[in-house]
Amino acid sequence: MTEPLSPPDSPEHPWFDPPFRVDEPEAHTLPFVFNAPHSGAVYPRAFVEASRLDALTLRRSEDAHVDRLFAPVVDLGAPLMSANFPRAYLDVNREPYELDPRMFDGRLPAFANTRSMRVAGGLGTVPRVVADGQEIYRGRLPVEDAVTRIETLYKPYHRTLRGLIQRTARDFGHAILIDCHSMPSSSLGRDESARADFILGDRFGTACAPELIGAFEDHLRARGFRTLRNKPYAGGFITEHYGEPNLGRHALQVEINRALYMNETSLALGPGFSELVWHLRTVVAAVAAEVEDWAPRRMAAE
C-alpha cells in the first residue's frame, strides 16, 4: 500500500483546518488522481465581512458538491484531492501569481503576471469578482494578504497534487489526472444544439492521450449524456501544467452541468444527484479498464 500524503497545517489560516484534504484508497490500484480544486466551502467570517456580497452570492464561483460527486473513485482505488478554502478566496487553477494590481495596496512582486486575460476578467489567483461578474471586496487588500494566501495555501496545494501525480507515475509507469469541475447551465447559451451535460477539456489535444478523452466521451454518451470538447472550457492552469502526455502524464478536465444534480440558486442537492454519482462511478470504472489496455502499449511505443 502506498504511503498517504497529508496536507500541512496552516497556522496563518486557522479557519481552514486543514486547508485541503486527500482521501486515499485502501490500496491505490488505478493509475488515476482525481482533483476537485473549486469545491471548497469554508468561508471565513473575516472574508465575508470584507466582501460587499452575502455568503450565498460568494458561492457563485464554487463548484458545489463536486467532491461528493466523485467520492466513489476512492473505493475504486484512486485518491481524491479537494480544497476546503473557496475559489472566491484563492483559485489554485491559476498561475501562482496571476494578480490584478488594482486590487491591492502595495507593490506586487515583479514576477507577478498582471496582464493575463483571466486577470483582466477579474478571475486571477486572488479573484476580484465571483463567477457572474460581481465585485467581491469593499476596498483594496494589503498586498501581503495575497502573498500569504499564495505561499501558505496555493503552494502547499500544488506540492501535494504534484506529489500524488509523481507517486502514481512511479508506481504505475504513467499517471492520469482528472480535474473535476462544474459549470452553470447558463454558460452554455440558449442554443439547444450547443448545450451539454459534460464538457471534456484536453487543451485541444495537448494535455492527454486521445484514447483517454475518447473513452470518457464514449462511455458518457452511452449513458445518454451530451458531451462537448474544449468549448467553452478547454482546461485551466492545472490541466495545462500537469498534462505531459509525451512523459506518460495525462490531464483531463471534466466540467459537469450543475442542473444535472443541484438547484443552481440555493445550491441544494437535486433529485438527480444520487443517480449521477452512480453514473460517474460506472464511467470511471469502465474507462480505467480500457486504460489498462492502451496505456502500456502507448508507453512502450514512446
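The long axis of helix 155-172 is offset from the longest Cα principal axis of the chain by roughly 10 degrees. In a Gaussian network model over the chain where Cα atoms closer than 10 Å are linked, find which of Gly173, Gly235, Gly272 has the largest mean-square fluctuation. Ranking Gly173, Gly235, Gly272 by mean-square fluctuation puts Gly272 first.
Judged by the ratio a/c of the largest to the smallest principal axis of the C-alpha gyration tensor, region 196-279 counts as prolate, that ratio being 1.5 or greater while a/b is larger than b/c.
Taking the C-alpha atoms only, the angle from helix 210-222 to the longest principal axis of the chain is near 90 degrees. Taking Cα atoms only, the orientation of helix 273-301 departs from the longest principal axis of the chain by about 70 degrees. Using θ = phi - 60° in the Karplus curve 6.51 cos²θ - 1.76 cosθ + 1.60, the 3J(HN,Hα) couplings for region 131-148 round to 4, 8, x, 7, 5, 7, 9, 6, x, 6, 9, x, 4, 4, 5, 4, 4, 5 Hz; x is entered for Gly and Pro. When the chain is treated as a GNM, springs tying every alpha-carbon pair under 10 Å, which of Asp75, Asp145, Asp202 comes out with the largest mean-square fluctuation? Per the Cα network of the chain with a 10 Å cutoff, Asp145 tops the list. With θ taken as phi - 60° and the Karplus curve 6.51 cos²θ - 1.76 cosθ + 1.60 applied, the whole-hertz 3J(HN,Hα) list for region 203-209 is 6, 6, x, 9, 9, 7, 5 Hz, x standing for glycine and proline. The overall shape of region 142-237, judged from the alpha-carbon gyration tensor, is oblate: a/c is not under 1.5, and a/b is no greater than b/c.
Since every read-out is calculated from the coordinates, none of them should be taken as a lab result. As the structure is a computational prediction, the values presented were derived from the model and not from experiment.
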